[in-house]
Ligand SMILES: [Zn+2]
């Protein structure tokens, strides 16, 4: 499903936050200089040993008056507090933007969460959205969480969403998992953030068994719809997907599930829709699962796999 672009609605993005962080770090430098301390931890007790009590502190050669000592202590407390605030903010920032963890040992956990996907021999594939010549992707450095509304799940299809998600995770190398059920009703006007239901951050991908009465796009021969919303949080950087939906036509797929090989065919429909969710478009090649009509294919074709591998190796954001 080609969903409308939700572009640049957030302007308080990484670039601006980075500038603010640098500004705070520069202020910290100035505070250090003002306090005469070489680093904000200078008030920690000196390590025991031959160098304990070394005289590298400014003004160590002259006895300090009580007033000077109090003033110096006050300035250092300010510097230490500022440093803690900056470390806290930058730690949150790194964690939020890149999935990194800032600890006393430095930055760790950089990079993708899943293994690099195998693109195979390649073939026809197309991307739902591109930005500056590159496919729009989910970040491979963030978990891609999926919730399922099973209210209308047809008999005999249990576990198929999980299997389809696992197949897409394998083909993309994205850390994509079903994290649970939900009673969120399917809607073509879905909010991208739902803090009351899902907490802070972007809402998870929603897979829902539903009907053409609820989702009019499922009318006629259409058995599923899938897609994702892309945003550019900085307002200038490349867009990335942040959440998406897959609608499954429960009555139609209940009929399909009852046919011979029904489970494999229904699973293939879900994989096709999840292919849209992670960023594939249709191709005009019947050997691919991303062909607009399913003629009995039950797994991704060579072009699908190359496209999925590319979609799983987008930038870390
Ligand atoms: Zn499709």
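Quick note: the coordinates plus some simple rules give every number you see, no bench work behind them. Worth saying up front: this structure is predicted, and the values here are computed from it rather than measured. Glycine also receives a Cβ, built like all others from the backbone with ideal geometry; neighbour counts cover every protein chain displayed.
Structure values in brief
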quantity: Single residue of the range 254-274 satisfying the filter (more than 14 Å from the ligand (Cβ to nearest atom) and within 17 Å of residue 292 (Cβ to Cβ)) that is nearest to the chain's Cα centre (by Cα); calculated: 265
quantity: So residue 239, is it surrounded by fewer than 24 Cβ atoms within 10 Å (Cβ to Cβ) and away from the ligand (no atom under 15 Å from the Cβ); calculated: yes
quantity: Every residue from the range 269-288 that is surrounded by 24 or more Cβ atoms within 10 Å (Cβ to Cβ), free of Cβ contacts under 8 Å to residues at least 60 places away in the same chain and outside any helix (DSSP H, G or I); calculated: none
quantity: Selection within the range 151-202 - within 21 Å of residue 242 (Cβ to Cβ) and in a strand (DSSP E or B); calculated: 176, 177, 178, 179, 180
